[in-house]
Structures are given as structure tokens and as C-alpha cells.
Amino acid sequence: MKHVSIVGILVFTCLLGVAAASDGDRLDVFFENFEADDGGLIGTLDWEWGDYAWTGTLCDSANYPPPAAFSGNRMWGTVLNDCYVNRGNNTGYNTCVNGNTADDSILTFTVDLTGYTDGTLTFYEWFDVFLTWDWVEVYVNGTVVFQHCGTSFSQPTAWVLQTIDLTPYAGGPVTVAFHLMTSTVINHAGWYLDDIRISTTGSAPTATPTPDVTPTPTETPTLAPTDTPAVTPTATPPLPVPAAGSGGIALILLVIGGWILLAGRR
């Protein structure tokens, strides 16, 4: 019996390893469960991020809000803790044509898929929107890739995983935008999003190294020798010789006289 249990454990472990390897085949380029912050997403009008604590004070009809966020306690929603606003920007009943995207409640973010050849967007949604008067769309780089429109309302009972292929947009920046359009009557809990992920089967692109630039040595200019001018010696004038005039003769006579005087004393 112990042998069977050990074998069973080994088989179960191997299956877990296969599942983990399968998950490891995909690389997450973007993932947010919105617990730490809003994930860098930008919301307009009804879109709000934060802690989920349903109140429902603005609802004018039956509504079916989520019991909790899909993971943790924070997520994005329209409005997060109440029913969305009746804005009258739905472009009529059951048209599925967005006549003016500028007046929608929009949640958007951009991910760079440069260097990748494929991509997949997944997100968990709780969808309590009053179809077919109110409806939603997902845009990628300005093109509609997903809609909730044209069908009758169905009460939500669980979070649903949605998947959108981004391969046609791989190779560059990808901007994802979630749009909500509403009529002027009957509002429900809204559209809630959690655990948004963009993944790819490729590996992360390798950055091209920038070659080191070797500085060109600067030559030190050689100074030409400067000729030092020759110094011309200054001639020292000869000592003056007494001229053979009266002064010179007087001196001679004085010397002779002094000599005679000394000789006579001896």
C-alpha cells in the first residue's frame, strides 16, 4: 500500500512539472493584479481603481456586483463601488457602432512589444452591464478587437477569463483601451477588470550593444625653436690717461720734488 502511495505521489509530481513547464513557455511582458497600485493604467469618467467595498447607493434598478475582486481586494471598475453613470453616450439602441469614442468611459495602457513576433492579452472580467442599451468595447491601437454588444442581458454569476490575440500588433508599442457606453436609463453594477496580462511565446529581445567609442588621441603641436638673439658685449671704455698738459707736468714735477727732498734729509 505504501508502494502505491509513493508511485502516486511521483506521478502527480511529474504532472505538476509538465504543467509548470507549459506555463513557463510563455513570457509575461505585462501583468498586474492591481494590489500594489493602479498598474499605470489611466481611467476616465466612470473608471476607478482601489479597494472593493460595494455600496450601490446610485443604482436605479436590479444590479449584480461581484462578491469580491478576482484576486486580492483591489481592481478597476465602473464605478468601483457603485453603479455606473447614465451618460447617454451609447449611440442608440443595439447599434454596436460607437459614433463618438471621445465621450466614453475609457481605461487605457500601453505595452511595448518591439522585438516580439506574437502576443496575447488576457483579463478576468465581471460583466454586469445593461445590454443591449449599454455596451462595451476593447480597442487595440485604435481598432475594435472585442465587444459585448447586440445580445440580451444575462446575469453574471462568476468571473470570466477573456483572451484576445495581439499577434497582428506585435513588433511595436500596443495600446489597449476598454470603452464603456451607457444610455440615459437603467444602470447596473458595471464592468470590472482584474489580473490583466500580456504574454508572448518568444524570449525577451536582446538589446544591441553600443560599440565603445575609442577617443582619437590629440597630437601635441611641436613648437619651433625660437632663435635667441646674440648678445653683443658692451665695450668697457679705457681709463682716461692724463693729457700731456699742464696738469700732467705739475704731477711729474711734484713727484721729482718729493724725491729730492727725501734724498737731502739722508
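The values are calculated or read from the model by the stated rules, or taken from the named source; none is laboratory data. Please read all numbers here as calculations on a predicted model, not as lab measurements. For neighbour counting, all protein chains shown are included, and Cβ atoms are generated from backbone atoms with ideal geometry for every residue, glycine included.
Remarks
- Subset tally (residues that are surrounded by fewer than 18 Cβ atoms within 10 Å (Cβ to Cβ) and either without any contact (Cβ under 8 Å) to a residue 12 or more places away in the chain or not aliphatic (A, V, I, L, M) (or both)) for the stretch 63-83: 5
- Matching residues in the stretch 129-176 - criterion: being on the phi > 0 side of the Ramachandran plot and touching a helix residue (DSSP H, G or I) at 6+ places or on another chain (Cβ under 8 Å): Asn141
- Being of a type in the set (Val, Ile, Thr) and surrounded by 15 or more Cβ atoms within 10 Å (Cβ to Cβ) holds for only one residue in Thr120, Thr57, and it is Thr120.
- Across the stretch 135-189, the number of residues qualifying as assigned to a strand (DSSP E or B), more than 31 Å from the chain's Cα centre (by Cα) and aromatic (Phe, Trp, Tyr) comes to 1.
- Among the conditions (1) more than 25 Å from Asp28 (Cβ to Cβ); (2) out of contact with any His (no Cβ under 9 Å at 6 or more places or on another chain); (3) crowded, with 18+ Cβ neighbours inside 10 Å, the only one that Ser152 does not satisfy is (3).
- Here the condition is being modelled with pLDDT of 95 or more, more than 23 Å from Leu161 (Cβ to Cβ) and in a loop (DSSP other than H, G, I, E, B); of Ala36, Ala69, Ala62, Ala53, it holds for Ala53 alone.
- Of all residues making up the stretch 164-182, the number that are over 24 Å from Asn94 (Cα atoms) and among the polar types (S, T, N, Q): 2
- Which numbered condition Asn86 fails, given (1) among the polar types (S, T, N, Q); (2) buried (at least 18 other Cβ atoms within 10 Å of the Cβ); (3) in contact with a Pro (Cβ under 9 Å, 6 or more places away or on another chain): (3)
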